[in-house]
1. If Leu589 satisfies all but one of (1) under 30 Å from Phe850 (Cα atoms); (2) in contact with a His (Cβ under 6 Å, 6 or more places away or on another chain); (3) not β-branched (Val, Ile, Thr), what's the number of the condition it fails?
2. Limited to the stretch 406-438, what total is found for residues that are surrounded by 24 or more Cβ atoms within 10 Å (Cβ to Cβ), touching a residue at least 40 places away in the same chain (Cβ under 8 Å) and assigned to a loop (DSSP other than H, G, I, E, B)?
3. Among the residues of the stretch 781-807, which ones are out of contact with any Gly (no Cβ under 8 Å at 6 or more places or on another chain) and of a type in the set (D, E, K, R)?
4. Report yes if Leu119 is over 21 Å from Glu27 (Cβ atoms) and in contact with a Pro (Cβ under 6 Å, 6 or more places away or on another chain), otherwise no.
5. Of the residues that make up the stretch 746-755, is at least one closer than 28 Å to Asp866 by Cα and modelled with pLDDT of 85 or more?
6. What number of residues in the stretch 118-145 are of a type in the set (S, T, N, Q), surrounded by 21 or more Cβ atoms within 10 Å (Cβ to Cβ) and modelled with pLDDT under 90?
7. Need the failing condition index for Pro752 against (1) open to solvent by 10 Å² or more (accessible area, probe 1.4 Å); (2) at positive phi; (3) in contact with a strand residue (DSSP E or B) (Cβ under 9 Å, 6 or more places away or on another chain), just the number.
Amino acid sequence: MSPGIVSGTRLGPYEIVSKIGAGGMGEVWKATDTRLDRSVAIKVLASELSADAQFRTRFEREAKTISQLNHPHICVVHDVGHSATADASPLNYLVMELLDGETLGERLLRGPLPVEQVLRIGAQIGEALDAAHRNGVIHRDLKPANVMLTKAGAKLLDFGLAKAAQIAPWGAGHSATIARNGAPDSPPEEGTQVRSLTAEGTIVGTFQYMAPEQLEGLPADARTDIFALGAVLYEMATGRRAFDGATKTSIIAAIVDRDPPPIRQFQPLTPPAFEHVVARCLAKSPSDRWQSAHDIAQELSWIREAGSQAGVAAPLVARKRSRERLAWALAATLALALIAVTATLVPRLRRANRPFVADIAPPRGARFNAVGDEAGPLVLSPDGTLAVYSSADKSGNRLMLRSLLTGETKVLERTEGGQFPFWSPDSRKIGFFTVKELERVDVSGGSPVPICRVINARGGTWGAGDTIVFAAATQDPLSKVAASGGIPVAATKLDVAQHSSHRWPSFLPDGKRFLYLACNHEDPGGSVNAVYLGSLDGAAPRLILRSVSNAIYADGYLLFDRDQTLYAQKVKSDLSLEGEPVSLAHDVLYDSGIWRGAFSVSNDGLLAYHSGRASVLSKLLWLDRHGTLLETVGEKGAYWDVELSPNQQKVLLPIGDPQRDLWIQDLIHKTRTKLTLNGWANAPAWSPDGTTIYVDMLRHGNVELVSKRITGAERVLSRRKTFFAPRAVSPDGKIVFLETSGMIEQLPLDAPDKAVPLTHSGSSAFGPSLSPDGKWLAYGSNENGREEVFVVSLAQPELKWQVSANGGGMPRWRGDGKELYFLDPTSHINAVPVVENGTGLDFAPPQELFAVTLRPTGRTYDVAADGQKFLVNALADEDSPTVMLVSNWKTLLPR
């Protein structure tokens, strides 16, 4: 493309630094302007273009025209120049401002953008096009790759195919033929198709974004750019190209003859006004399109500012028109959801005074992830048109969004590991948790936005004024935070004499008062557990109902789970109970481990609940390096961490849900012994000699780090308010390595009140594993933006290596330290050979060994000392809890 260009090359006063990218017209390099001491971007034209004298003349003239464009959303052109390579080949280049950000094309690889961003960025592109058009410049190659997203907003770039617009009547043109690159059935090319900029009958642009008149070889005008803008807006909103196909011929046919599917087919909440803007941009005839980019920018800005006044999404309007249409929509949804609905049932749906009950099958190839510490039971949107839930398969779990109007289901991008989702009051956004963060995501698409840090959260609810109330940790009161982000503050006060946790908040319709469950880990089934009424104004909480499950308010009733039966009990305006509870459904899934019933209601009478098994059971398996089963250890159970003893003859097992006790499994004699520890056991670790166990215990509202000799007494080493899990002990037995609040600490046993952090608080670190010689610490961290495995020298912390390349966590060492293992995002256990080189370590590339479906929570595998077999805590079965839908649930109540 650009022979002779390397780092350090001088092009006039510009010194090349590094290559940024390449396109149809040449390569782009980062360079330094030595005169003004500033960084710039230089586009060096392809050698075949630089050799064309006619092209060089035209290019320089158009570059000067473009350099006159002065607009905040157009990339600034500083200079145009000429040089030569070592073999005297001509080089022509364009000098532009250096932008920091990503292209819209790169952003779209992660899925569609939220509506607000589509409107804002679209208006900025429209303003940039308007400025260019008013100066007689047509872009002619508008596409996502030519829009840069920066902190200052969108920047339109690469006017490399632009031409000075000819002053001619709209629609003036010439008859022409189509010149194609390659055979008619060759694959469509992603890059710009480059030909002479003046020859008639020539395609200039990128196929998927070209207007019909461009394909016919007619002259381009402002309305050609408007068509491309419509295609870009469509792709931003849906994540799909407006016109696509397997070949160029099929793409051309789609552009000339067909309209793209309505945006609302993929994004049900699309404002109709926006759909109209895009449809008019994509009109086949230039005279039917918007006639100026200025008008489009104004329309998009108005839709963004007007909000709901610009028109609610068409599906919502249709839903509000009548209960009869609600029933028809539900019927269509259930059919698309693989529900066995026959024509004889349809009339029943139309009777507004009759309920209809049906079940939804689990996702194909996956299961509803409705049980456990990292679950996400299905939750209905307030308007009843959508549902969000966590789906799990061998590659992990993620959040899914299902339209209850069309039956379409899609993955919510970048929600891997998403837990316990909840809705904004307007049904347009979803709040959810990861292991370390509370985040929000727009149902129309786009990446999740972090709100604040959490530690194993237990539910949230979204109220008035965009306030979110949530349980940030398993042993915390409730907190509140702005949905836009910020520092959380307390929303409730925990009475540690009675309760160890507040969780599962649910706002009342006023958006200010909320229900929540107060429970006690040390007495999980006791009468002290209860549902309370709290308030954002700080009013004293009021006991509503003795319960071991969450409760929600719906249309004058309190709904709650008791013994896997869903009840409704009438309440007064102050939420005091009235009358007796009435059962609505049986076999409702109740997760005793987290004190939650899996049910949800919408504002328009739709009820959803899971039914099925109510606990996560696993089994302990010995597998070889190929994943072949060697032996099953014991029976199925609610196992958590797996910790082999130093001599490989015993294994520590926290067992139970919700009450968790610590057991020792003897692998030689096939016996199991419960350790006499009072409290709720979390994570254990062995001493190097195998005589002592370290474990954090929840007791009386505090978490205590306890050392317990197998045959002797226990000793409390430290006490905190949140869990701090012991994960490893140094070979000399003097230091315990802790995982706590997203950080790793080392705790000297002779000074247990002086823990030293090993990782910084700007990122999350987890799962520390100490090498057998005590010199190296392996751990997982998201410090580079994704969870990866790192190894650090404890003697020289500046020596650190990233071991995994495509995601990883839960590292373990072989007994001789010559191999490291980790779990990747596809549930494969990987092996990494390790060699000590005198000053540090050398790591071979990771090798996949086998995949296994592990229990979703805990440190769920360990490795034999010789690295030839693995003890894994595998999910006992993958049966998926069913989802049941009930329309008009109040008609189930006695009159």
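1. In the conditions (1) under 30 Å from Phe850 (Cα atoms); (2) in contact with a His (Cβ under 6 Å, 6 or more places away or on another chain); (3) not β-branched (Val, Ile, Thr), Leu589 misses (1) alone.
2. 1
3. Glu798, Lys800
4. Judged against the criteria, Leu119 is not a match.
5. There is at least one residue in the stretch 746-755 that is closer than 28 Å to Asp866 by Cα and modelled with pLDDT of 85 or more.
6. 0
7. The failed condition is (2).
Residue-by-condition table, conditions (1) surrounded by fewer than 22 Cβ atoms within 10 Å (Cβ to Cβ); (2) out of contact with any Phe, Trp or Tyr (no Cβ under 6 Å at 6 or more places or on another chain); (3) under 17 Å from Lys410 (Cα atoms); (4) touching a residue at least 60 places away in the same chain (Cβ under 8 Å):
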{"position": "Met236", "(1), (2), (3), (4)": "no, yes, yes, yes"}
{"position": "Ala242", "(1), (2), (3), (4)": "no, no, no, no"}
{"position": "Ala253", "(1), (2), (3), (4)": "yes, yes, no, no"}
{"position": "Val256", "(1), (2), (3), (4)": "yes, yes, no, no"}
{"position": "Gln267", "(1), (2), (3), (4)": "no, yes, yes, yes"}
{"position": "Pro272", "(1), (2), (3), (4)": "yes, yes, no, no"}
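The values are calculated or read from the model by the stated rules, or taken from the named source; none is laboratory data. What you are looking at is a predicted structure, and each value in this text was computed from that prediction instead of being measured. Neighbour counts are summed over all protein chains in view; Cβ atoms, including those assigned to glycine, are modelled from backbone coordinates with ideal geometry. Ligands, DNA and RNA are stripped out before the accessible areas are found, and what is left, the full protein with its side chains, is counted by its heavy atoms. Shrake-Rupley method; radii C 1.70, N 1.55, O 1.52, S 1.80 Å.
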